[in-house]
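Just below is one structure, and these are the notes that go with it.
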């Protein structure tokens with residue numbers, strides 16, 4: 001049983017560098033979500049896709065963040081010109097097809113990518 | 001910004017006792033979900049309750065939802081040391097989940 005996988009698991013980078021993370025969702029899931037989590041907080045929504053379409057991006061997300069899901073399968077999250085405040089755990093989740101409404105069902109989370117910006 | 005607020009922020013109980021966690025939220029929702037997070041297994045979905053449901057059970061878990069008060073509670077009965085984790089409520093808001101800050105549960109053997 002292959003769950004959601006993320007790569008890399010850990011990333012240390014210097015301030016100002018660009019980083020890219022990858023997420024492979026559960027294969028039959030058409031929804032994919034990105035979250036950011038800092039210590040002691042719940043996951044914070046960043047963006048989500050239905051198939052290859054990016055349906056929403058958090059208003060809290062700066063223009064340095066971009067996400068893609070080109071073929072409706074895996075997704076990448078890129079952070080340009082990283083800042084120390086970007087240090088966090090980046091979580092990816094996928095969710096099965098919905099009935100056509102916008103309601104979201106249970107989400108299956110990957111192990112996360114821990115980013116440290118020095 | 002978080003929509004849900006969990007209460008208490010931390011809870012410590014003995015094995016065998018029941019644990020109750022509460023969640024309040026601000027806007028109307030399609031459903032409310034509870035997740036558990038520990039260092040070993042990451043975030044795991046526990047239970048989903050729809051806005052037209054009032055109570056739901058899954059094993060030792062019981063969830064209630066009061067949409068008039070915009071609140072939910074999660075009850076874990078007969079707790080075990082393995083239940084030690086952070087528990088988050090998450091509200092479905094137009095296709096995305098908004099998580100609360102969580103309740104840290106410690107179950108002592």
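The values are calculated or read from the model by the stated rules, or taken from the named source; none is laboratory data. Computed from a predicted model, the values in this text were never measured in an experiment. When we count neighbours, we look across all protein chains shown, and the Cβ atoms used for this are built from the backbone with ideal geometry, even at glycine.
Among what's in segment B:35-52 and is more than 10 Å from every other protein chain (Cβ to nearest Cβ) and crowded, with 17+ Cβ neighbours inside 10 Å, pick the residue that is farthest from residue A:113 (Cα to Cα).
From segment B:35-52, those more than 10 Å from every other protein chain (Cβ to nearest Cβ) are B:36, B:38-40, B:49, B:52; that's our starting set.
If we keep only those that are crowded, with 17+ Cβ neighbours inside 10 Å as well, we get B:36, B:49.
Values: B:36: 18, B:49: 29 Å.
It comes out as B:49.
Filter segment B:28-48 down to residues that are more than 24 Å from residue A:38 (Cα to Cα) and either more than 15 Å from the chain's Cα centre (by Cα) or not in a strand (DSSP E or B) (or both), then give me how many there are.
The qualifying residues number 3.
Among the candidates A:9, A:59, A:69, A:36, which residue alone is buried (at least 17 other Cβ atoms within 10 Å of the Cβ) and either within 24 Å of residue B:89 (Cβ to Cβ) or within 14 Å of chain B (Cβ to nearest Cβ) (or both)? Walk me through how you get there before you give the answer.
Numbers: A:9 fails: buried (at least 17 other Cβ atoms within 10 Å of the Cβ); A:59 fails: buried (at least 17 other Cβ atoms within 10 Å of the Cβ); A:69 fails: either within 24 Å of residue B:89 (Cβ to Cβ) or within 14 Å of chain B (Cβ to nearest Cβ) (or both).
Residue meeting the stated conditions: A:36.
Which members of segment A:39-56 meet the condition of being over 14 Å from the mean Cα position of the chain (by Cα) and either within 10 Å of chain B (Cβ to nearest Cβ) or surrounded by 19 or more Cβ atoms within 10 Å (Cβ to Cβ) (or both)?
Those that are over 14 Å from the mean Cα position of the chain (by Cα) and either within 10 Å of chain B (Cβ to nearest Cβ) or surrounded by 19 or more Cβ atoms within 10 Å (Cβ to Cβ) (or both): A:40, A:41, A:42.
Each row is one residue, and each column tells you yes or no for (1) more than 10 Å from the chain's Cα centre (by Cα); (2) free of Cβ contacts under 8 Å to residues at least 60 places away in the same chain; (3) closer than 20 Å to residue A:94 by Cβ.
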| position | (1), (2), (3) |
| --- | --- |
| B:50 | yes, yes, no |
| B:60 | yes, yes, no |
| B:78 | yes, no, no |
| B:89 | no, no, no |
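How about segment A:77-88: which of its residues are surrounded by fewer than 18 Cβ atoms within 10 Å (Cβ to Cβ) and within 19 Å of residue A:24 (Cβ to Cβ)?
A:78
Please verify whether residue A:105 is within 14 Å of another protein chain (Cβ to nearest Cβ), within 11 Å of the chain's Cα centre (by Cα) and either modelled with pLDDT of 95 or more or within 22 Å of residue B:33 (Cβ to Cβ) (or both), treating the condition exactly as stated.
Against the criterion (within 14 Å of another protein chain (Cβ to nearest Cβ), within 11 Å of the chain's Cα centre (by Cα) and either modelled with pLDDT of 95 or more or within 22 Å of residue B:33 (Cβ to Cβ) (or both)), residue A:105 does not qualify.
Go through segment A:12-33 residue by residue and tally those that are in a loop (DSSP other than H, G, I, E, B), at pLDDT 95 or above and over 27 Å from residue B:91 (Cβ atoms).
Adding up the residues that qualify gives 5.
Restricting attention to segment B:1-16, which residues are more than 12 Å from chain A (Cβ to nearest Cβ) and touching a strand residue (DSSP E or B) at 6+ places or on another chain (Cβ under 8 Å)?
B:7, B:8, B:11, B:12, B:13, B:14, B:15 - these are the residues of segment B:1-16 that are more than 12 Å from chain A (Cβ to nearest Cβ) and touching a strand residue (DSSP E or B) at 6+ places or on another chain (Cβ under 8 Å).
Name the residue that is nearest to residue B:4 (Cα to Cα), counting only residues in segment B:53-109 that are outside any strand (DSSP E or B) and within 14 Å of chain A (Cβ to nearest Cβ).
Filtering segment B:53-109 for residues that are outside any strand (DSSP E or B) and within 14 Å of chain A (Cβ to nearest Cβ), the one nearest to residue B:4 (Cα to Cα) comes out as B:100.
Please tell me if residue A:23 is in contact with a strand residue (DSSP E or B) (Cβ under 7 Å, 6 or more places away or on another chain), closer than 28 Å to residue B:48 by Cα and away from every other protein chain (no Cβ under 11 Å).
yes
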